[in-house]
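The values are calculated or read from the model by the stated rules, or taken from the named source; none is laboratory data. All values reported here derive from a predicted model rather than from experimental measurement. Using ideal geometry, Cβ is built from the backbone for each residue, glycine included, and neighbour counts are taken over all protein chains shown. For accessibility, only protein heavy atoms count, side chains too; no ligands or nucleic acids. Shrake-Rupley method; radii C 1.70, N 1.55, O 1.52, S 1.80 Å.
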Amino acid sequence: MAEPAIRLRNVHLTLGRGRGAVHVLKGVDLDVARGESVGIVGPSGSGKSTVLMILAGLERADEGLVEIAGQDLGPLSEDQLAAFRGRHVGIVFQSFHLIPNMTALENVAVPLELAGHPDAFGRAESELRAVGLGERVTHYPGELSGGEQQRVALARALAPEPAILIADEPTGNLDGETGRQVADLLFREQARRAMTLVLVTHDPALAKRCGREIAVRSGEIRKTPPVVAERELAS
């Protein structure tokens with residue numbers, strides 16, 4: 001059996017201290033195959049976005065195994081985690097997180113430069129063209145629509161050619177039609193590049209576009225709903 005892209009075993013995470021402590025993740029187990037697309041759903045506060053933070057190495061588990069692309073994240077220092085993330089994990093957030101005083105090209109190129117890419121700006125321009133922004137490379141975030149800003153954020157996540165793409169409510173700040181366009185682009189690029197995709201969403205239609213859905217409730221992963229399993233068998 002091929003090594004999974006993502007492997008979580010008995011992952012626990014508590015945030016806060018004393019009486020304010022919240023046991024956010026409670027013994028999470030999860031396997032995601034290479035090239036698979038998984039949608040994580042659940043009510044607000046269930047822990048689904050925290051699962052993504054754990055996968056990206058932005059939160060450290062208190063207990064359990066977090067293995068991403070064959071690497072156990074537990075022993076890594078913060079600098080090693082950042083370097084690993086830069087090579088293997090692309091992240092798209094709901095709020096874009098673009099640097100306002102940098103152009104679209106610079107927003108995509110600067111992380112590549114920091115990682116030592118030999119042609120950061122050429123690579124950045126190529127990725128912006130791939131997401132339909134070839135004519136907007138010199139524009140600043142404030143000059144772009146919400147959908148265009150999310151395309152820049154997606155280009156930035158894709159530019160290092162990560163094995164795993166993580167998306168947290170990637171269409172949450174967009175209107176319905178713009179959200180559908182960004183989702184089309186997201187799934188198109190995931191399939192074209194054979195990446196593993198894990199996304200959190202409140203949108204049932206978006207979750208159903210994934211190969212598998214996972215429900216998170218009160219910090220625990222529930223079994224895949226039968227209707228999803230049937231769809232997978234039919235595909």
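Data table
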quantity: Cα-based equivalent ellipsoid of the range 38-100: semi-axis lengths in Å, sorted from largest, via gyration tensor; calculated: 20, 18, 10
quantity: GNM result for the chain, Cα springs below 10 Å: residue of Val66, Val22, Val198 fluctuating most strongly; calculated: Val22
quantity: Angle between the chain longest axis and helix 146-158 axis [Cα atoms, degrees, rounded to 10]; calculated: 80 degrees
quantity: Kirkwood-type radius of the chain, with distances r between different C-alpha atoms, in Å; calculated: 18.3 Å
quantity: Accessible area of the chain belonging to carbon and sulfur atoms, whole % at 1.4 Å probe; calculated: 51 percent
quantity: Full-stretch length increase - Glu161, Arg217 - with 0.36 nm per residue and alpha-carbon distance subtracted; calculated: 16.9 nm
quantity: Amide H within-cut-off set for Ile91, under 5 Å, with H built and near neighbours excluded; calculated: Ile166
quantity: Global form of the range 1-82, assessed from the alpha-carbon gyration tensor, a/c cut-off 1.5; calculated: oblate
quantity: Extension gain from Gln71 to Ala33, taking 0.36 nm per residue of separation minus the Cα-Cα distance; calculated: 12.2 nm
quantity: Per residue, in Å², the accessible surface of the range 1-155 once ligands and nucleic acids are set aside, probe 1.4 Å; calculated: 49 Å²
quantity: Paramagnetic label zone (point 7 Å from Cα along Cα-to-C-beta, Ala205; backbone N under 15 Å) in the range 153-168; calculated: none
quantity: Sites matching trypsin sites (Lys or Arg not before Pro) across the range 156-215 that sit in DSSP coil, with at most 12 neighbouring C-beta atoms within 10 Å; calculated: none
quantity: Accessible-area value, Leu55, 1.4 Å probe, nucleic acids and ligands omitted, Å²; calculated: 0 Å²
